[in-house]
Amino acid sequence: MKIAAVQMVSTPDVGRNLEAAARLVAEAAAAGATLVALPEYFCLMGRQDSDKLAHAETPGDGPIQRFLADTARRHALWLLGGTLPLRASAATAAEARALNSNGVYAPDGRLAARYDKIHLFAFDNGRERYDEGRTLRAGSEPVALQAGPVRVGLSICYDLRFPELYRALMTPPCDLLCVPAAFTYTTGRAHWELLLRARAVENQCYVLAAAQGGTHENGRRTWGHSMIVDPWGEIVACQDEGEGVVIAELDPARIAQVRSQLPALAHRRL
């Protein structure tokens, strides 16, 4: 089956972002992709972190979720909806947080699975500072699903640095691990490709990484380099920066070949 990663340079305007996502998913579908992934925060790259709270939707209801369901149905494909902010329960307004959630929509438009980002990013090098915990609430459960012929494990951005999450997703083994992301330029340049290839090699499966990639209207620069990595760690498709779609064939025979030649998954002891 053909799989695709959509790369975007999202803005603070939800409507414009949905229009861009619709166009890029249609491009992937026209090229034959039957599973398409959008990047983290495809719907909103706000001017400040609190913008997530203003646009957070109730789980199961809202224009962004309806857009994802309608788009999956229109093109009859599996759509991994990047991420969007969903409301999390709070005792008071001061405790309000959002979940950074990845919904997977089946070809009939139904919500097949939802994963809430477990690991919340924090970074401070004296010039750049990020702390997702100020506006987000962490998820708690790994999520994998059967999407047509392939088993898919879900993760989001900073999760990529925690290999134990992916090990949890590999029982039973996944054919594909998905990583919608908005890696910063600084951390992406240093670690993005390295970590994606490592996750593919150690889990002997494909990795589909849809990223934000470019300079955004809020001044932030994201690394991009959306890519598809095969089970041997080879990059089979990549988009450096700017909008675009990367497509590759997910070949079950390639997965079987790698696992047969080097049966590392069967050798696990911990």
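Taken together, the values in this text are just the output of simple stated rules run on the coordinates, not laboratory data. Computed from a predicted structure; not experimentally measured. Cβ sites come from the backbone with ideal geometry, for glycine too, and all protein chains shown count toward neighbours.
Quick check: residue separation of Ala190 and Arg259 times 0.36 nm, minus the Cα distance between them. What number comes out in nm? The partial results should precede the final answer.
Numbers: separation 69, 0.36 × 69 = 24.84 nm, distance 2.88 nm.
Full extension of this stretch gives 22.0 nm more.
For the chain, what is the calculated [θ] at 222 nm in deg cm²/dmol (nearest 500), taking -39500 (n - 2.57) for each run of four or more DSSP H residues and dividing by its residue count? Don't skip to the answer; put the middle values down first.
Values: 6 runs with 71 residues, N = 270.
So the calculated ellipticity at 222 nm is -8000 deg cm²/dmol.
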Using a Gaussian network model of the chain whose springs link C-alpha atoms within less than 10 Å, name the residue from Asn17, Asn203, Asn218 with the highest mean-square fluctuation. Asn218
With just the Cα atoms defining each centre, how far is the stretch 226-256 from the stretch 176-204? Give it in Å. 12
Among DSSP beta bridges whose residues both lie in the chain, state the antiparallel percentage, nearest 5. 70
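Which ordering of Val104, Val201, Val179, Val207 is given by a fewest-first count of other beta-carbon atoms within 10 Å?
Values: Val104 24, Val201 19, Val179 32, Val207 29.
Listing Val104, Val201, Val179, Val207 from fewest to most nearby Cβ atoms yields Val201, Val104, Val207, Val179.
Please find the FRET efficiency linking Thr215 to Gln146, where r is the Cβ-Cβ separation and R0 is fixed at 35 Å, and quote it to the nearest 0.05. Numbers along the way, then the final one.
Numbers: r = 38 Å, r/R0 = 1.09.
The calculated FRET efficiency here is 0.35.
Most exposed first by the Cβ proxy, i.e. fewest other Cβ within 10 Å, how do Glu202, Glu57 rank?
Numbers: Glu202 15, Glu57 18.
Final ranking by Cβ density, sparse to dense: Glu202, Glu57.
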Rounded Å value of the spacing that divides the Cα centres of the stretch 55-89 and the stretch 10-24: 13
If the elastic network links every pair of Cα atoms under 10 Å, which of Glu241, Glu128, Glu40 fluctuates the most in the Gaussian network model of the chain? Glu128
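For a footprinting-style exposure proxy, rank Val245, Val143 by other Cβ within 10 Å, fewest first. Kindly include the intermediate steps, with their values, before the conclusion.
Working: Val245 23, Val143 18.
Least to most surrounded, the residues fall as Val143, Val245.
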What are the membrane-span-like helices in the chain by this rule: whole DSSP H runs, Cα extent along the axis at least 20 Å, mean Kyte-Doolittle hydropathy at least 1.0? none
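By how many nm would the segment from Ala266 to Ala122 grow when fully extended, if each residue of separation counts as 0.36 nm and the alpha-carbon distance is taken off? List each step's numbers first, then the result.
Working: separation 144, 0.36 × 144 = 51.84 nm, distance 3.49 nm.
Length difference between fully extended and current span is 48.4 nm.
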Cut-off 10 angstrom, C-alpha nodes, Gaussian network model of the chain. Which of Gly213, Gly62, Gly103 fluctuates the most? Gly62
